[in-house]
Amino acid sequence: MPDRIATDLLRMARNPVSGRLRHQASLEVAIRAALLAEMALNGQVVDQVNAPSVVSDEPTGDRIVDAIRRAVEQRPNVMWLRWFRHVRVDRKALCAELVESGRWEPRPGWRAAFTDAKPDEALVLGFETNRVATYDRAPADAREAVLAVLAVACGATGTRPRPAAARRDLKPIVESIGDHTTQKIVVTASNVIRRARRVTGGVG
């Protein structure tokens with residue numbers, strides 16, 4: 001089974017030299033977006049008047065996705081924008097999952113850093129994602145389109161975060177996703193990253 005979009009994003013965001021996660025605050029927003037986008041692509045959540053609505057209450061067996069699904073069920077009519085607060089929990093859960101499965105190993109030190117058991121996989125993933133983001137090739141599907149836009153927005157592949165690209169340079173890729181709910185998730189997350197970087201002195 002392929003990894004979640006969010007897991008692919010996280011693995012790409014690991015600096016292969018230091019093992020640390022690039023642009024962690026932006027990455028955490030993008031990870032939440034990736035989880036919600038995958039739920040939308042799988043028909044588990046839809047946009048209902050600018051808020052997520054759960055389509056099915058059947059558990060998926062994915063503990064991280066199911067936790068988000070339950071939260072959405074318990075908080076109906078909460079606007080999309082508010083679902084990008086308190087997103088650190090997703091990043092921590094995904095990191096723990098990679099460690100527990102033996103795919104990542106924590107490095108010693110006071111700052112969180114990891115060694116990837118298969119670093120070449122992550123490098124290839126980043127290379128192919130950059131090819132999509134630079135229009136060297138078309139995305140294979142909506143999932144790959146989502147990954148490319150979020151990776152650029154949060155700077156996962158080693159460049160500075162460029163969240164404004166979702167509305168400018170990468171707009172055709174966003175449009176290629178097709179699904180309205182997924183597009184809304186990706187664009188909303190990019191806007192959240194952009195606003196946060198403006199507040200902290202970053203550039204969009």
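Just a few scattered comments:
- Test: residue in the range 80-90 that is assigned to a strand (DSSP E or B), over 22 Å from Ala122 (Cα atoms) and of a type outside the set (Gly, Ala, Ser): no
Here is a yes/no grid of residues against (1) free of Cβ contacts under 8 Å to residues at least 60 places away in the same chain; (2) touching a Lys or Arg at 6+ places or on another chain (Cβ under 6 Å); (3) not β-branched (Val, Ile, Thr):
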position	(1), (2), (3)
Val87	yes, yes, no
Arg91	no, no, yes
Ser101	yes, no, yes
Glu105	yes, no, yes
Pro119	no, no, yes
Leu123	no, no, yes
Glu128	yes, no, yes
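- Count of residues meeting criterion [within 18 Å of the chain's Cα centre (by Cα), farther than 25 Å from Val65 by Cβ and surrounded by 14 or more Cβ atoms within 10 Å (Cβ to Cβ)] in the range 87-130: 2
- One residue from Thr159, Thr181, Thr200 being surrounded by 15 or more Cβ atoms within 10 Å (Cβ to Cβ) and more than 12 Å from the chain's Cα centre (by Cα): Thr181
- If only residues of the range 162-178 that are not in a loop (DSSP other than H, G, I, E, B) and not hydrophobic (A, V, I, L, M, F, W, C) are counted, the one that is surrounded by the most Cβ atoms within 10 Å (Cβ to Cβ) is Pro163.
- Test result for Ala25, at pLDDT 95 or above and surrounded by 23 or more Cβ atoms within 10 Å (Cβ to Cβ): no
The values are calculated or read from the model by the stated rules, or taken from the named source; none is laboratory data. Note that this is a predicted model, so its numbers are computed, not measured. Cβ coordinates were reconstructed from backbone atoms using ideal geometry, including for glycine residues, and neighbour counts include every protein chain displayed.
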